[in-house]
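J.: This is the structure, below, for whatever I ask next.
Each value in this text was obtained by applying a stated rule to the coordinates, not by laboratory testing. Computed from a predicted structure; not experimentally measured. Here the Cβ positions follow ideal geometry from the backbone for every residue, glycine too, while neighbour counts run over all protein chains shown.
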Amino acid sequence: MPLIEIRWHGRGGQGVWSGSAVLAYSAIKAGKYAQSFPQFGPERLGGPVTAYNRIDDKPIVDRGPIYEPDIVIVIDPSLLKPRYASSILSGLKSGGYLLVNSDKDPAEVRRDLNAPENISVWSVDATSIALEEIGRASPNTTMLGVLLAATNLLPTEYLEQGILWRWPGSVGEKNINALKRAMKEARVDPAKEVVKV
Amino acid sequence: MAVQKYGEQTVMALNGDEAVAWAVKQSNVDVVAAYPITPQTIIVERISEFVHNGEVDMEFIRVESEHSALSASWGASLAGARAFTATAANGLALMWEILYIVSSTRVPLVMAVVNRALSAPINIHNDHSDTMGARDSGWIQLYSEDAQEAYDNTIMAFKIAEEAMLPVMVTLDGFTISHTLQNVSVLPDEVVSNFVGERKIPRIKIPTIYGEKEVPFMLNPKYPITFGPLDLYDYYFEHKVQQNEAMKATPPIIEKVHKEYGEISGRSYEPVHMIPYKTEDADVVIIGLSSTMSVVRKVVDQLREEGKKVGAIRLRVFRPFPAEMLRKELSNFSTVGVLDRCISFGAEGGPLFLEIRSALYSSPSKPATVNYIYGLGGRELPPKLIAKAFNEILEVRAEPGTPIVKYLGVRE
Amino acid sequence: MSTPMLGWKELPMGAVAFISSKEYPTGEWAVFQPKIDESKCIKCGLCWMYCPDSAYRWDGENVPVPSLEHCKGCGICATECPTKAIEMVRV
């Protein structure tokens, strides 16, 4: 597997950093090398937050920011507005994935953001799933389900281990249910013209 | 002597602390918040007496620590008052956090710091570890040679601070100046009062999404503005560069205020940033700060009688560091000896040495430099040791292997 | 976010704040926002007092009005309301 770089967008309190930490933990448990790091804005509940992952089969030496992600995960639907489009789509590679929390159809999300045709857009109503399964609007683990549906990055069992590491017991189980539902309910609007660089 | 022209000055017998207190008394200061610490205690003690006796219209706030002393002075200044505080050594160390807050919010506070060694072990005597440690905190630093200069610098400091909108530290050597009684020429109250005037609050323009708004730069409920808000990687860097550029723009202000003060007092300390002594034809010079330089000048006289071409330079303004002026001034000499009354642990030399050596790196003639660290914890520096240093640097060029950092007056 | 980023020469002195918090539409962060049942409201003003974002407007007499532009949806008002007149509804 080549180096995969992921950028998460969300708001404080939604679990952007936890989501990226769970993903890195799961990748490490699966025998890969991984990083998870947040970029803190104003550390208050609700402020825009980004977090990052690097996953590779080889040791990772780069500790700088990620400018050209392969995958962008947006866990807050309120960010899916034209005025946030430039920061969400910034540097997203051709052939990359945009995974969003939205009750809208992925094609509609692509239109709303004026996203390029060379990326795949996936959507799922992660807030509703999280509210139903976990009882809290924390759609981070749900979005990990979309990641698995879109990319097969890791076997599901490692994500389950990661979630239970972060939230042992019944809370973890509820999060795993949310992840599995998202894997089934995620919808895709595939890339039209993928130019491999 | 020029002093005749300013005949209305009264010669008083004051020690350095009292001289500073007297200057504060005359400078229309509204608020003093302070906590006593040796050896500056006399400054705030005298000021509290002035307040108690009704000699000044001033609020004196007794606080529970130096951290609070500087915080309260900062708050008073933000509310539009002319504020002052004083401290020394560990007191300054306890103010650390607020030093940066004061300078970063561009508050024109004046603080006298009586230079004293930092603990441990406990030592109440003079060295420059305290203010040298604060050299990067964004305060203008004026170093005084005696009680007269401490008085003069304190008065000028208010004017410099308020024009530059940056805080000023006026330093005086612990005990050597603070507790030494000497003749101090004191200006009449109304002359000082007119010179410093009432504090003027600048107005600033604030860009808002509704357009530009002009407001007074102070805490005023009628024109609410926020000082010190959260400021992350998107703007913090710009704010720091702006602060640094403001600091670098202060030398003309410092010179102008000295010139104006010279007109009312006859003491302008020209050429302000540094005062050379017998340097015109000198081969080597020793540069340093504060009261020690009076002894160095005496040694220069002695060595001149022996036919040695030596000179001295006393630096008065350490922040902003007059690098360009020093480069010009020092490039003519074969060797420059630098006196540091401070250790920078783990560095190649003392703080003054490091900055002078750095300034001289881009000098075309690149004089040799030798650092003498001396006088820690009040250890005296006798003239014969200064003479030894001069004799060494007269020869240092010939010996490239000579160590460039030495201790002067320490037992091996 | 759409405001152009100012350089150090343009910024007001002393790092004073130059964008008011009113100008951030923090209401868009909310998943839930309050809906007040006017028939249950006793106009005690506790919601107005407890709101950590000062998002409630209240004249002291009538039913307080939350500014949905700024309400982040924390739900403290609904928890504190003594008559349970406030319901948090999905935005």
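J.: Please state the relative contact order of chain B as a whole percent: Cα pairs under 8 Å, 6+ residues apart?
T.: Over chain B, the number comes to 16 percent.
J.: Nothing charged except the Cβ atoms of Lys and Arg (+1) and of Asp and Glu (-1): what's the magnitude of the dipole of the protein assembly as shown about its Cα centre? Round to the nearest 20 debye.
T.: Numbers: 72 positive and 84 negative charges, 263 e Å.
I would put it at about 1260 debye.
J.: What does the structure give for B:239-249 when I average, per residue, the other chain Cβ atoms found within 10 Å of the residue Cβ?
T.: Across B:239-249, the average partner-chain Cβ count within 10 Å equals 3.
J.: Hey, in the GNM for chain B with a 10 angstrom Cα cutoff, which one of B:104, B:331, B:73 fluctuates hardest?
T.: Highest fluctuation of the listed residues: B:331.
J.: Follow-up. Cut-off 10 angstrom, C-alpha nodes, Gaussian network model of chain A. Which of A:152, A:114, A:140 fluctuates the most?
T.: Maximum among the listed residues: A:152.
J.: Then there's this: Given the options A:109, A:49, A:61, which has the most mean-square fluctuation in a GNM of chain A, springs set between C-alpha atoms less than 10 angstrom apart?
T.: Greatest mean-square fluctuation among the candidates belongs to A:61.
J.: So, one more: GluC sites (Glu not before Pro), restricted to segment B:1-104: which are DSSP loop and have at most 14 other Cβ atoms within 10 Å?
T.: Working: sites: B:8, B:18, B:45, B:49, B:55, B:59, B:64, B:66, B:97; in loops: B:8, B:55, B:64.
When the GluC sites (Glu not before Pro) of segment B:1-104 are filtered for loop state and at most 14 Cβ neighbours within 10 Å, B:8, B:55, B:64 remain.
J.: Using 21 Å as the Cα-Cα cut-off, could you pick out the over-long pairs in B:159/B:328; B:328/C:9; B:298/B:388; A:29/A:58; B:222/B:248?
T.: The answer is B:159/B:328; B:328/C:9; B:222/B:248.
J.: Oh, and also: Report the one residue of B:179, B:286, A:183 whose Cα lies farthest in the direction of the positive end of the charge dipole of the protein assembly as shown (charges on C-beta: Lys and Arg +1, Asp and Glu -1; origin at the Cα centre).
T.: Of the listed residues, the answer is A:183.
J.: Still on this model: Sort B:376, B:219 by Cβ crowding within 10 Å, fewest neighbours at the top. Let's see the in-between values first.
T.: On the way: B:376 20, B:219 16.
Going from sparsest to densest Cβ surroundings: B:219, B:376.
J.: Would you work out the charge dipole size for chain B about its Cα centre, treating the Cβ of every Lys and Arg as +1 and the Cβ of every Asp and Glu as -1, and quote it to the nearest 20 debye? Numbers along the way, then the final one.
T.: Values: 40 positive and 51 negative charges, 142 e Å.
Using Cβ point charges on Lys, Arg, Asp and Glu, chain B gives about 680 debye.
J.: What ranking, highest mean first, results for peptides B:349-359, B:295-305 when packing means the other Cβ atoms within 10 Å averaged over each residue? If you can, show how the numbers build up before the last one.
T.: On the way: B:349-359: 21.4, B:295-305: 17.1.
In decreasing order of mean packing, B:349-359, B:295-305 become B:349-359, B:295-305.
J.: Please give the Cα centre distance for segment A:88-104 versus segment B:358-412, rounded to the nearest Å.
T.: Taking the Cα centre of segment B:358-412 as reference, the centre of segment A:88-104 is 64 Å away.
J.: Can I ask one more? If one computes the Cα centroid of segment B:228-257 and of segment A:1-79, what distance in Å separates the two points?
T.: Between the Cα centre of segment B:228-257 and that of segment A:1-79, the gap is 36 Å.
J.: Also: Among DSSP bridges having both ends in segment B:274-408, what percentage is antiparallel? Round to the nearest 5.
T.: On the way: 4 of 24 bridges.
Of all bridge pairs located within segment B:274-408, approximately 15 percent are antiparallel.
J.: Still on this structure: Please report the spacing between the Cα centers of segment B:287-305 and segment B:72-93 in Å, no decimals.
T.: 34
J.: Output the antiparallel fraction of DSSP beta bridges having both residues in segment A:4-189, as a percent to the nearest 5. Spell out each step's value before the answer.
T.: Numbers: 18 of 31 bridges.
Of all bridge pairs located within segment A:4-189, approximately 60 percent are antiparallel.
J.: Among residues other than residue B:337 whose Cβ falls under 10 Å from its Cβ, what is the net charge (Lys/Arg +1, Asp/Glu -1)?
T.: Working: positive: B:406; negative: B:392.
Once positives and negatives cancel, what remains is 0.
J.: How big is the dipole moment of segment B:225-344 about its Cα centre under a simple scheme where the beta carbon of each Lys and Arg is +1, that of each Asp and Glu is -1, and everything else is neutral? Debye, nearest 20, please.
T.: Charge dipole of segment B:225-344: 380 debye, to the nearest 20.
J.: Treat the count of other C-beta atoms within 10 Å as a stand-in for reagent exposure and order B:125, B:179 from fewest to most. Spell out each step's value before the answer.
T.: Details: B:125 20, B:179 17.
Sorted ascending by nearby Cβ count, the order is B:179, B:125.
J.: To continue, here is another question. So what's the angle, to the nearest 10 degrees on a 0 to 90 scale, between helix B:147-164 and the longest Cα principal axis of chain B?
T.: 50
J.: Tell me which of C:36, C:83, C:62 sits at the most positive position along the dipole axis of segment C:24-90, charges placed on C-beta atoms (Lys, Arg +1; Asp, Glu -1).
T.: Among C:36, C:83, C:62, the one farthest towards the positive end of the dipole of segment C:24-90 is C:83.
J.: Let me know the shape class of segment B:274-408, please: from the alpha-carbon gyration tensor, a ≥ b ≥ c as square roots of the eigenvalues, rounded when a/c is under 1.5, otherwise prolate if a/b is greater than b/c, or oblate.
T.: Numbers: a/c = 1.22, a/b = 1.05, b/c = 1.17.
Since a/c stays below 1.5, the shape of segment B:274-408 is classed as rounded.
J.: If you don't mind, there's one more thing I want to ask. Could you order the peptides B:166-176, A:181-191, A:96-106, B:208-218 from most to least packed, using the average number of other C-beta atoms within 10 Å per residue? Can you show the working numbers first?
T.: Numbers: B:166-176: 27.5, A:181-191: 17.9, A:96-106: 22.1, B:208-218: 13.3.
For the peptides B:166-176, A:181-191, A:96-106, B:208-218, the packing ranking is B:166-176, A:96-106, A:181-191, B:208-218.
J.: Reachable aspartates and glutamates from residue B:278, Cα under 14 Å, same-chain residues fewer than 8 places away excluded?
T.: Within the straight-line limit of under 14 Å, residue B:278 reaches these aspartates and glutamates: B:301, B:305, B:329.
J.: I'd like the FRET efficiency for residue B:198 and residue C:23, computed as 1/(1 + (r/R0)^6) with the beta carbon distance as r and R0 of 35 Å, rounded to 0.05.
T.: Details: r = 36 Å, r/R0 = 1.02.
Here the calculated transfer efficiency is 0.45.
J.: Which of B:72, B:113, B:307 sits farthest toward the positive end of the charge dipole of chain B, with +1 on the Cβ of Lys and Arg and -1 on the Cβ of Asp and Glu?
T.: Of the options given, the answer is B:307.
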